[in-house]
1. Based on this model, can you work out whether K92 counts as closer than 22 Å to I32 by Cβ, open to solvent by 10 Å² or more (accessible area, probe 1.4 Å) and away from the ligand (no atom under 15 Å from the Cβ)?
2. Mind checking which residues of the range 4-41 are in contact with a strand residue (DSSP E or B) (Cβ under 7 Å, 6 or more places away or on another chain), open to solvent by 40 Å² or more (accessible area, probe 1.4 Å) and assigned to a loop (DSSP other than H, G, I, E, B)?
3. Could you run through the range 73-115 and say how many residues are without any contact (Cβ under 8 Å) to a residue 12 or more places away in the chain and of a type in the set (S, T, Y)?
4. Give the residues of the range 43-68 that are part of a helix (DSSP H, G or I) and either among the small types (G, A, S) or more than 16 Å from G83 (Cα to Cα) (or both), sorted by residue number.
5. Among the numbered criteria (1) touching a Lys or Arg at 6+ places or on another chain (Cβ under 6 Å); (2) away from the ligand (no atom under 13 Å from the Cβ), which one does D104 miss?
6. Name the single residue that is most open to solvent (accessible area, probe 1.4 Å) among those in the range 45-84 being more than 18 Å from the chain's Cα centre (by Cα) and more than 13 Å from the ligand (Cβ to nearest atom).
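The values are calculated or read from the model by the stated rules, or taken from the named source; none is laboratory data. Because the structure is predicted, anything quoted here is derived from the model rather than measured. With ideal geometry, Cβ positions are generated from the backbone for all residues, glycine too; neighbour counts draw on all protein chains shown. Remember, those area values only see protein heavy atoms, side chains included, never the ligands or the DNA or RNA. Shrake-Rupley method; radii C 1.70, N 1.55, O 1.52, S 1.80 Å.
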Amino acid sequence: MPNNNIILIGFMGVGKGSVAREVVKHSKYMAIDTDDIIESMENRKIKKIFEVEGEAYFRELEKDVSHWLQKSVQNTLISTGGGFYKVKNIKKIGTIVLLDSPFDAIIKRIKSHPNAVNKLKKRPLLNDLKEAKKLYDLRRPEYLALADLVIDVTDKSATECSKELLKKVKKYV
Ligand code: S3P
């Protein structure tokens, strides 16, 4: 039986962190974030890990985190980095919720943020938008295939998305 967690997946910048914070406000869920866990484990930023060790090393850390989540975490909202969905045991960690939006809408969302420059800078895989679009096209069908529930977040506030998420999860579980 899978663990009793909710796992938020979706492309970089789609708003997983913002929705997670709203879910915490409107429910009894506690939230954790796989990127935050990795930064604490390594005591350095994701950007630095990519620069110094490379992406393959980061993906191994994601696998380590996935095993820990499966073994030790319950009743928690887990927001994930955009590539975390590739870990083999993801289905065993909990109910998978995809935050979905077209690529252009995601980029527009990031660029409209007051802290847009940093939002783009801290994500190594968003440095080149042409490459990022290719990655999005590759991943989107995989996200959809994996998701138990999908929330279209386009033009919705994080509060609206969090309410929709809680409603859908309640019906699903
Ligand atoms: C990644 C997404 C990032 C972070 C890392 C790699 C990806 O997280 O894990 O830069 O492969 O899509 P966000 O989705 O929170 O930006």
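1. Details: closer than 22 Å to I32 by Cβ: yes; open to solvent by 10 Å² or more (accessible area, probe 1.4 Å): yes; away from the ligand (no atom under 15 Å from the Cβ): yes.
It is true that K92 is closer than 22 Å to I32 by Cβ, open to solvent by 10 Å² or more (accessible area, probe 1.4 Å) and away from the ligand (no atom under 15 Å from the Cβ).
2. Within the range 4-41, N4, Y29 qualify.
3. Filtering the range 73-115 down to residues without any contact (Cβ under 8 Å) to a residue 12 or more places away in the chain leaves 104, 108, 111-115.
Filter again for of a type in the set (S, T, Y), leaving 112.
Residues in the range 73-115 being without any contact (Cβ under 8 Å) to a residue 12 or more places away in the chain and of a type in the set (S, T, Y): 1 in total.
4. Correct list: K48, E51, V52, E53, A56, S66, W68.
5. Here D104 clears every test but (1).
6. Once the filter is applied, the top-ranked residue is K71.
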